[in-house]
Amino acid sequence: MEEFFENELVTKFEEMIENSEELYFDTEEYEDIIIYYLEMGDISFAETAVRYALNLHPDSLEIKIKKFEVLLELENYTLAKELMDELKESSMESTDFLVCCAKYYSNLGNPRRAIEYCEAALKLEEEENFLHNFMADEYVNLEDPFTALKHYQLALSFEHNDDYALENIMVCYNSLHRGEDAIDFLNDYLDKFSFSETGWLEYGQFYFNRKNYEEAIKGFDYLLAINSQSVGVYANKAACYEAMGEWLKAVEVYEEMLALEYTKSFTFYKIGLCYKENKQPVLALNAFQKSLRDDPQFYLSMIEQSYIYEEMGSVKEAIHFTKEAVLLNNINLEYHKRLAFLYIASGNIEESVACIKMVVDFEPSRFYNWYAYSEVLMVTGDYEGAVEALKKATKMHNRAELFYQLSNCYFHLNNQKDGRKALAVALELDPNLLEGMKQKYPFIKEEAEKVKTKTKKK
């Protein structure tokens with residue numbers, strides 16, 4: 001990789017430009033320079049190199065084909081089409097040209113024409129692995145996973161360690177709902193290439209998706225035996241133990257990860273979650289604190305600490321960490337809602353209302369925000385304020401939950417007429433919610449039968 005970055009030709013070319021010199025590069029050298037910039041994603045310099053190359057070698061087909069490629073990267077399809085038409089007669093025996101033509105039609109959303117050019121290129125017996133992958137991708141675009149599968153398999157036959165082809169073979173089998181064929185293929189592949197990291201990763205993921213966690217762990221263990229530095233695989237293995245409810249085993253795996261990671265905040269966070277699930281709040285807190293020492297702005301650990309402190313009865317600490325999480329992730333409305341209800345628990349009503357009002361103002365289109373806002377107002381005893389809020393809410397959201405709330409507010413204000421009217425609407429919208437609402441709002445329990453009786457008489 002260092003050699004790639006320290007490309008002598010490129011250095012020489014850039015010095016020439018910088019010093020306004022005129023140096024000679026043959027066509028192959030210019031091709032290498034252009035390829036370098038394309039692979040680095042520096043399209044501007046690739047375009048510059050093409051311009052210099054054509055100035056020196058105006059008749060070079062190879063450079064013109066590179067220009068074609070650069071135009072595609074620039075999404076200049078008008079000039080690309082003109083150049084493609086110009087080169088057709090002279091370049092149909094060039095794999096690079098045919099690939100560019102295929103890319104042109106692929107980019108324009110014409111996969112069938114792209115496939116035609118790939119098929120033409122295959123006859124030249126070059127880049128078969130790449131071309132079969134290209135064709136497979138186009139068949140995916142055509143929603144034909146059966147044919148795509150065939151070409152991914154052909155790509156793999158030309159390059160057995162092609163991770164891209166291997167991964168997509170499994171995707172195709174999944175799309176075709178051919179799980180048994182998928183694992184048969186994978187077992188056969190691993191019998192031949194037992195040191196394939198991607199193969200064992202796919203094996204583990206295959207069984208994980210089918211909830212066979214013990215078999216998935218076997219696959220991940222084989223991979224780790226090949227490469228013990230595969231950090232992400234430890235996370236996959238830990239996820240298996242989490243799915244099995246074996247929280248302490250998951251912790252052990254995460255602790256192995258820590259030795260390999262530079263940034264450890266997320267792993268400590270995961271360890272904390274495992275201890276929390278295992279009903280070990282002190283150890284969970286300790287892990288979340290370590291997460292925050294590694295990254296003081298890791299708000300996920302902050303919010304988890306707030307939950308634990310709340311469970312311990314330490315509402316003050318719960319508020320502190322929730323406020324910190326809100327400061328770092330102000331757009332997370334669930335955090336604001338949580339803070340509002342914590343304020344209620346602490347008796348800080350004004351702060352509670354302000355929090356939840358901010359949520360409603362920020363996102364009035366969400367029904368639940370109004371539901372939560374009116375709930376807070378009712379908890380604080382502000383039934384008149386809740387009525388006003390719910391009137392606005394029901395204009396935007398014709399939801400039974402809001403009308404149940406509205407009826408409860410009216411009943412609390414001794415406005416039986418409007419309360420029964422709102423309750424009737426709620427019952428019409430969703431009578432199945434009634435039992436739950438009776439538990440939540442006792443007035444409804446008394447009035448529901450009256451409303452039902454009145455409705456029947458009509």
If you scan segment 338-379, which residues turn out to be under 23 Å from Arg399 (Cα atoms) and not in a helix (DSSP H, G or I)? Glu363, Pro364, Ser365, Arg366
So which of Val387, Val379 ends up being buried (at least 18 other Cβ atoms within 10 Å of the Cβ) and either in contact (Cβ under 8 Å) with a residue 24 or more places away in the chain or charged (D, E, K, R) (or both)? Val387
Check on Glu167, surrounded by fewer than 17 Cβ atoms within 10 Å (Cβ to Cβ), assigned to a helix (DSSP H, G or I) and not assigned by TED's automatic domain parsing to the domain that holds Cys118: no
Asp188 fails exactly one of the following numbered conditions: (1) touching a helix residue (DSSP H, G or I) at 6+ places or on another chain (Cβ under 6 Å); (2) within 16 Å of Gly219 (Cβ to Cβ). What is the number of that condition? (1)
Quickly run through segment 232-263 and pick out the residues that are touching a residue at least 24 places away in the same chain (Cβ under 8 Å) and of a type in the set (Asp, Glu). Glu242, Glu261
Restricting to segment 247-306, name every residue that is in a helix (DSSP H, G or I), farther than 19 Å from Phe321 by Cα and among the β-branched types (Val, Ile, Thr). Val251, Val253, Thr267
Taking the options Leu285, Leu300, name whichever one is under 27 Å from Ser352 (Cα atoms), under 26 Å from the mean Cα position of the chain (by Cα) and of a type in the set (A, V, I, L, M). Leu300
Checked segment 173-227 for anything of a type in the set (Ser, Thr, Tyr) and under 22 Å from Ala238 (Cα atoms); matches are Ser196, Thr198, Tyr203, Tyr207, Tyr213, Tyr222
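Among residues belonging to segment 390-410 that are within 36 Å of the chain's Cα centre (by Cα) and charged (D, E, K, R), point out the one that is surrounded by the fewest Cβ atoms within 10 Å (Cβ to Cβ).
Per the stated criteria, the residue is Lys395.
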In segment 293-330, which residues are basic (Lys, Arg) and either buried (at least 17 other Cβ atoms within 10 Å of the Cβ) or within 25 Å of Thr263 (Cα to Cα) (or both)? Arg293, Lys323
Across segment 140-156, the tally of residues that are crowded, with 22+ Cβ neighbours inside 10 Å and either not aliphatic (A, V, I, L, M) or not in a helix (DSSP H, G or I) (or both) stands at 2
For segment 223-231, check the following and say yes or no: at least one residue is in contact (Cβ under 8 Å) with a residue 24 or more places away in the chain, assigned to a helix (DSSP H, G or I) and under 29 Å from His177 (Cβ atoms). yes
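Does any residue of segment 110-130 turn out to be of a type in the set (Val, Ile, Thr), in a helix (DSSP H, G or I) and in the same structural domain as Arg178 (by TED's automatic domain parsing)?
Within segment 110-130, one or more residues are of a type in the set (Val, Ile, Thr), in a helix (DSSP H, G or I) and in the same structural domain as Arg178 (by TED's automatic domain parsing).
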Say whether the condition of being among the aromatic types (Phe, Trp, Tyr), loosely packed, with under 14 Cβ neighbours inside 10 Å and over 18 Å from Val99 (Cα atoms) is met by at least one residue in segment 23-45. yes
(1) within 28 Å of Met302 (Cβ to Cβ); (2) among the aliphatic types (A, V, I, L, M); (3) not in a loop (DSSP other than H, G, I, E, B) all hold for Ala182 apart from (1)
Among the numbered criteria (1) more than 45 Å from the chain's Cα centre (by Cα); (2) loosely packed, with under 15 Cβ neighbours inside 10 Å; (3) under 20 Å from Glu384 (Cα atoms), which single criterion is violated by Pro442? (1)
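The values are calculated or read from the model by the stated rules, or taken from the named source; none is laboratory data. Bear in mind that the values here come from a model prediction, so they are computed numbers and not experimental data. Reconstructed Cβ throughout: ideal geometry from the backbone, glycine too, with neighbour counts over all protein chains shown.
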